[in-house]
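The values are calculated or read from the model by the stated rules, or taken from the named source; none is laboratory data. Nothing here was measured: the structure is a model prediction, and the numbers come from that model. Cβ atoms come from the backbone with ideal geometry, glycine included; neighbour counts cover every protein chain shown. Surface areas here come from the heavy atoms of the whole protein model, side chains and all, with no ligands, DNA or RNA. Shrake-Rupley method; radii C 1.70, N 1.55, O 1.52, S 1.80 Å.
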Amino acid sequence: MTREAELTSSREGLLKHGAATLSRDSLDDYGSGSDLDLDELEAQDGQASPRPRGGWSPLKRKRKSKGKENADQIRPKAKRKGGWFRSKTCLLVSMILLGGLLALVGGSYQFFFKKIRPVDGQSPPWYPSPKGGTVSQWQMSYLSAATIVSKMSLIEKVNVTTGTGWASDLCVGNTAGAFDAGFPPLCLQDGPLGIRFSDHATAWPAGITTGATWNRDLMYKRGRGLGLEHRLKGVNVMLGPAMGPLGRMPGGGRVWEGFGSDPVLQGVAAAQTIRGIQDEGVMATAKHFVGNEQEHFRQSWEWGLPNAISSNIDDRTLHELYLWPFADSVRAGVASVMCSYNMVNNSYACGNSKLLNGILKDELGFQGFVQSDWLAQRSGVASALAGLDMTMPGDGLRWTDGDSLWGARLTEAVLNGSVPTERLSDMAIRVVAAWYQLGQDNQTLFPVPLEGDPRPNFSSWTNDEMGHLHESTDDTTLVKVNNFTDVQGQGESFHGRLAQEIAAEGTVLVKNEGNILPLSPQGGAKQREGRRDAKYNIGIFGEDAAPNPKGPNACPDRDCNEYTLASGWGSGAVEFPFLTPPIEALESTFDLDAVELTKVMTNDLPVDWPAVHGAQDLCIVFITSDAGEGFTSWNHLTDRIDLHPQKGGDKLVENVQNNCQHTIVVIHAVGPVILERWIDFPNIKAVVMANLPGEESGNALADVLFGRVDASGRLPYTVGKSLADYGPGAQIMTKPNGLIPQQDFSEGLFIDYRHFDKNSVTPRYEFGFGLSYTTFTFSDLVLKTLKAKAPLPSPRPTATVFPPTFSTAIPEADTALFPDGFRKLSQYIYPYIENTTIHSDPYPYPKGYNTPQSPSQAGGAEGGNPSLYDEHLSVSVKVTNTGPRTGKQVVQVYVSFPENVVDVSTGKKIEFPVRVLRGFDKVEIGTGKAKTVEIKLTRKDLSYWSVGRQNWVMPDTGQFTIAVGASSRDLPLHATW
Ligand code: BGC
């Protein structure tokens, strides 16, 4: 998608939902290629409601044992938003609506909308949607799926592609299945760090903590644990891992769900997680595709505006940054991809044919199915043509009104020929093939439940054993919906152990003066000097050390920062089965015969606190910074507008250290935190960034503080000295700059450390940094050419595997009627139509719809052209542990591209980041021992995306510099290639 192409292309954002349903004016009446789309108008007409809070509150209020059941859950939107800006937004929207009304009354409706119309769509068309079944790894699954799909009726195919509606069945997303053809309903459940709205399941460390481990093996094992637990609860499709947001903005509300602000770290972690999940037979979902970097304005109406924000991303940046982890995920065989709420280049991500058809399905060779984020589908026919395969949760433009953009409308759109039958068959077979690919036809993995038992074996909508199967409907029959199946593992295989190991390895020690850490349970020999007869006084300060008296699940979806912080909030949060607070682990580890512990579990510490609480020899002070998903908020926050510690954290640290010569700061946070107000104070001896540790928080922290494990976490983001230091692109847009807020990703490739390096900004702690309790040296860097440089990958391989074919005949309309005597539930989404009168206005296909695109040369297999993954360069290095104990080091390999690279297609010089991470590995080494680590770089690692050539290009003149070391700025070894 070149800038030029973007500007001249047609506006996909105009694509309409359901010609079958259009009794309205045709597209041309609104001016082709311009102004608001019908969905927007419809949404304005209908005043689409924002997402009900707390995962749909009226239902969630029935959940009882997991924390407070409070009125907060039904807090009205206006109250939630509040504040100056929000009232401005309200004002703006009210003015627009009032203006709209006046204009309507005056008969100048169209004139009015043309005056405020958003910019033209900039994403080029890419049609037709590539069919699945084109790679050998999925061939058998497609063959089996073809047998089922060929038996499916029209309504069964629609059933497989359309959710049944929010809360219409037991999971957060459900399809209804195709019983006659032999395909079951599917349960789709969040999420990235555990099973949301469930019980007896592990609350794993968050993605950001997992990224901070830099440990491929742990990433895989965590994925395995997630997969196993989801399977045992009866979940078919896990809604994770998250790899977008990538972390363009360190304050982005959901950055913590993913693994860190670098495409390679994010890609490795995502792929390892997916392999783990899918090795357990559960379909993983790579989300959110793509550009959902901030929560403000992410979704229509949620922020008071009729449209979502448009993330305007240029072609090269898309490929080299935001798409990268998705490519790794597709290469790992991911079964599903979730398209995001936002627009990309002014076309909704879930209706953007360039993204879904062109990039995901053609170039990356994605074989599974694309599902929409919840209500991210904003058009009917258009999104089907653009490559969406499943709409979730099935509701249309609004929550739980029973009016889907697909369901019966899709049935009708096939019957009147607007959506080709081939497209519908491809949508269905992608879902069924993914099910086979994961072995879900195997009843040992997914057993048929015993009579009377639910499947899945839990309900998202109640904690009681008995509940409704179709909660949002008028079906009030009570049946067993919760089996309370414990999926956390037992004894040695109790998943908490693994969760603890990951949380400990994801804890980053950034300052450790005089080796104050690790602590001794007796308080530490050094600190005890001269005081052998007295107890050693240790003060623990801050609310974050303490458990929430109302329980760890006191706030719905964890949408508050109260007491110890172990997770962000939103759909990526889970119900904690338990949460070990730091204070508990500290108390049980310190030898209380030698140590006097003073616990001050509040952030409101009096300035003269030693007078109140007694002088301390050592102080451990806990602070936090929280954020979360945009459908809910805490303290008016979703995205973090600044990166300072919250709840008076800075003041608390300053106050503690004023009176305590040995102060250790522990930070639980969703991402980077600005430490500048106190980091250089001499009394601040150690700082530990523990990220979001999950249920085993305290135990994992104690493992590190007491040195039961080495401190081996490394920063998955840069800790800057101020938010401004991250650059203009890193600032959250909090005020809309148009009816469709336009966010230009004009910093391009230069996010996080790449921005700091390019602009010579010194961070406080750089990306990749972290201290160990031992020391390491790097030596003997050897580069070995495995394959010679050559600019282009091999030509796209000729296809040898072909998609199954199905009858393209349009079925008779009466085959799609509601069956006689059918009992309809209110608000439930059905595929059936009411009568055989089918609208047949010609569908206004988008520009470019009839011009088939040539397959991308960058494609040809899952993840792209297989030759992109050929290994070209071996980098090996010797790492020696020169310190006092066994420890773990992360070997990081950064690539600097040759200077003066000129792209042959454009004649323009290509600008590269100073260096980019391209490989890493973590090794454990005993004291005095050494290990040689080899990291292989692929063609893709050594290429840039050429916009002119529409391919990855490896510069074959000039020299690459390969730098190896312990962080993005501690790179003692260099060699050229
Ligand atoms: C989130 C998704 C999530 C879905 C279902 C959406 O609000 O963006 O990540 O999977 O809800 O809960």
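Is it the case, given these coordinates, that A813 is open to solvent by less than 40 Å² (accessible area, probe 1.4 Å), under 21 Å from Q950 (Cβ atoms) and not basic (K, R)? If you could, list the steps in order and put the result at the bottom.
On the way: open to solvent by less than 40 Å² (accessible area, probe 1.4 Å): yes; under 21 Å from Q950 (Cβ atoms): no; not basic (K, R): yes.
No.
Contact map, the stretch 482-493: first residue farther than 17 Å from K221 by Cβ and of a type in the set (D, E), second residue modelled with pLDDT of 95 or more and open to solvent by 50 Å² or more (accessible area, probe 1.4 Å), Cβ cut-off under 8 Å, separation 6 or more or different chains; pairs are D486/H200. Among the conditions (1) in contact with a Ser or Thr (Cβ under 7 Å, 6 or more places away or on another chain); (2) open to solvent by 10 Å² or more (accessible area, probe 1.4 Å); (3) of a type outside the set (F, W, Y), the only one that N345 does not satisfy is (2). State whether the residues of the stretch 718-730 include one that is of a type in the set (S, T, N, Q), farther than 30 Å from Q299 by Cα and modelled with pLDDT of 95 or more. No, the stretch 718-730 contains no residue that is of a type in the set (S, T, N, Q), farther than 30 Å from Q299 by Cα and modelled with pLDDT of 95 or more. With respect to S300, determine if the residue is at pLDDT below 95, within 16 Å of the ligand (Cβ to nearest atom) and over 25 Å from G506 (Cβ atoms). The answer is yes for S300.
Selection of the stretch 747-762 for residues being open to solvent by 10 Å² or more (accessible area, probe 1.4 Å) and more than 22 Å from the chain's Cα centre (by Cα) yields H755, D757, K758, N759, S760, V761, T762. Only a single item in (1) farther than 27 Å from S856 by Cα; (2) crowded, with 24+ Cβ neighbours inside 10 Å; (3) away from the ligand (no atom under 16 Å from the Cβ) is not met by P393, and it is number (3). Here G380 passes the criteria (1) in contact with a Phe, Trp or Tyr (Cβ under 9 Å, 6 or more places away or on another chain); (2) within 14 Å of the ligand (Cβ to nearest atom); (3) open to solvent by less than 10 Å² (accessible area, probe 1.4 Å); (4) of a type in the set (G, A, S) except the one numbered (2). Pairing each residue of the stretch 332-344 that is at pLDDT 95 or above with any residue that is acidic (D, E) and in a loop (DSSP other than H, G, I, E, B), provided the two are 6+ apart or on different chains, yields C-beta distances under 7 Å for G333/E862; M338/D373; C339/D373; S340/D373; Y341/D373. Output the residues belonging to the stretch 328-352 that are under 16 Å from the mean Cα position of the chain (by Cα) and away from the ligand (no atom under 16 Å from the Cβ). Matches in the stretch 328-352: D328, V330.
Listed here are the residues, each with its yes/no results for (1) in contact with a Cys (Cβ under 8 Å, 6 or more places away or on another chain); (2) in a loop (DSSP other than H, G, I, E, B); (3) without any contact (Cβ under 8 Å) to a residue 24 or more places away in the chain.
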{"site": "E584", "(1), (2), (3)": "no, no, no"}
{"site": "L592", "(1), (2), (3)": "no, yes, yes"}
{"site": "V607", "(1), (2), (3)": "no, yes, no"}
{"site": "F631", "(1), (2), (3)": "no, yes, no"}
{"site": "H644", "(1), (2), (3)": "no, yes, no"}
{"site": "E654", "(1), (2), (3)": "no, no, no"}
{"site": "R677", "(1), (2), (3)": "no, yes, no"}
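With respect to the conditions (1) in contact with a helix residue (DSSP H, G or I) (Cβ under 9 Å, 6 or more places away or on another chain); (2) within 16 Å of the ligand (Cβ to nearest atom); (3) open to solvent by less than 10 Å² (accessible area, probe 1.4 Å), E295 lacks only one, and its number is (1).
Could you go through the stretch 790-798 and let me know if any residue there is open to solvent by less than 50 Å² (accessible area, probe 1.4 Å) and not hydrophobic (A, V, I, L, M, F, W, C). Yes: one or more hits. The number of residues in the stretch 257-289 being in a loop (DSSP other than H, G, I, E, B) and either more than 13 Å from the ligand (Cβ to nearest atom) or open to solvent by 10 Å² or more (accessible area, probe 1.4 Å) (or both) comes to 7. The requirement of being farther than 21 Å from I740 by Cα and crowded, with 24+ Cβ neighbours inside 10 Å is fulfilled somewhere in the stretch 302-319, by at least one residue.
Under the condition of being within 19 Å of S198 (Cβ to Cβ) and not in a helix (DSSP H, G or I), the residues counted in the stretch 477-497 number 13.
Once the stretch 163-185 is narrowed to residues that are away from the ligand (no atom under 16 Å from the Cβ) and buried (at least 20 other Cβ atoms within 10 Å of the Cβ), the residue that is nearest to G467 (Cα to Cα) is A176. Residues in the stretch 593-608 that are closer than 14 Å to I538 by Cβ and either of a type outside the set (A, V, I, L, M) or open to solvent by 80 Å² or more (accessible area, probe 1.4 Å) (or both): D593, E596, T598, K599. Based on this model, can you work out whether D639 counts as open to solvent by less than 30 Å² (accessible area, probe 1.4 Å) and outside any loop (DSSP other than H, G, I, E, B)? Spelling it out, it is not the case that D639 is open to solvent by less than 30 Å² (accessible area, probe 1.4 Å) and outside any loop (DSSP other than H, G, I, E, B). Out of curiosity, is I195 touching a strand residue (DSSP E or B) at 6+ places or on another chain (Cβ under 9 Å), crowded, with 24+ Cβ neighbours inside 10 Å and closer than 21 Å to E696 by Cβ? Against the criterion (touching a strand residue (DSSP E or B) at 6+ places or on another chain (Cβ under 9 Å), crowded, with 24+ Cβ neighbours inside 10 Å and closer than 21 Å to E696 by Cβ), I195 qualifies. In the stretch 346-372, how many are part of a loop (DSSP other than H, G, I, E, B) and in contact with a Leu (Cβ under 9 Å, 6 or more places away or on another chain)? The number of residues fulfilling the criteria is 2.
Of all residues in the stretch 226-256 being under 22 Å from V890 (Cβ atoms) and part of a loop (DSSP other than H, G, I, E, B), which is farthest from the ligand (Cβ to nearest atom)? Among them, the one singled out is P250.
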